[in-house]
Amino acid sequence: MMFSASLLLFGVGSGAALAADVEVHNAWVRGTVTGQQATGAFMEISSKTGATLVGASSPAAAVTEIHEMKMDGQVMRMRAIPRLELPAGKTVQLGPSGYHVMLIRLKQPLLKGESVPLTLQIEGKDRKIETLEVKAEVRDLTAASPAGEHRH
């Protein structure tokens, strides 16, 4: 089942311009089991004129970070990054084996079929930060990205 995120933009001034500029599709979160303290949120995000993802938050977790996974020699490493560029006209894939939003210190288990609210902080070309509200579908604990690949 394909899921398109519900989007609402809150901001002042250039809000309408940014709302038309940044799009999020197929937002989802990997489900968890009791006692699990972290999970990932994944989506496709694009900007018509270029922007930067500079932060995220969710009431489902005490800490929310933008992360990158990449090979370092023979070892897959994950690290928090402060910014993720959204090049003009390109879709950036946030998926299980690349960039993603990490939800840490979860407040309760996330069950398949539920919805998790995410607030993305997007910096426009004018350096103003706007927030983008996304609802992400909770998928099965074993879910992988639809194409099983990392693109950007």
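The values are calculated or read from the model by the stated rules, or taken from the named source; none is laboratory data. Everything numeric here is computed off the predicted structure, so don't read it as measured data. Cβ coordinates were reconstructed from backbone atoms using ideal geometry, including for glycine residues, and neighbour counts include every protein chain displayed. Side chains included, ligands, DNA and RNA excluded: accessible areas come from the protein's heavy atoms. Shrake-Rupley method; radii C 1.70, N 1.55, O 1.52, S 1.80 Å.
Key figures for this structure:
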{"read-out": "Solvent-accessible heavy-atom area per residue, rounded to whole Å², over region 80-138 at 1.4 Å", "value": "49 Å²"}
{"read-out": "Positive-end extreme of charge dipole, region 21-137 - chosen from Ile122, Leu110, Ala51 (charges on Cβ)", "value": "Leu110"}
{"read-out": "Carbon/sulfur fraction of accessible area - region 17-123, other protein chains in place, 1.4 Å, %", "value": "54 percent"}
{"read-out": "Student exercise, region 69-135 dipole from Lys, Arg, Asp, Glu Cβ charges, in Debye to nearest 20", "value": "160 debye"}
{"read-out": "Distance violations [Cα-Cα > 22 Å] among Lys90/Lys125; Lys48/Lys112; Lys70/Lys90; Lys107/Lys135", "value": "Lys48/Lys112"}
{"read-out": "Simple Cβ-charge dipole of region 24-152, Lys/Arg +1 and Asp/Glu -1, about Cα centre, in debye nearest 20", "value": "120 debye"}
{"read-out": "FRET efficiency, Lys70 to Thr142 (Cβ-Cβ, R0 25 Å, nearest 0.05)", "value": "0.65"}
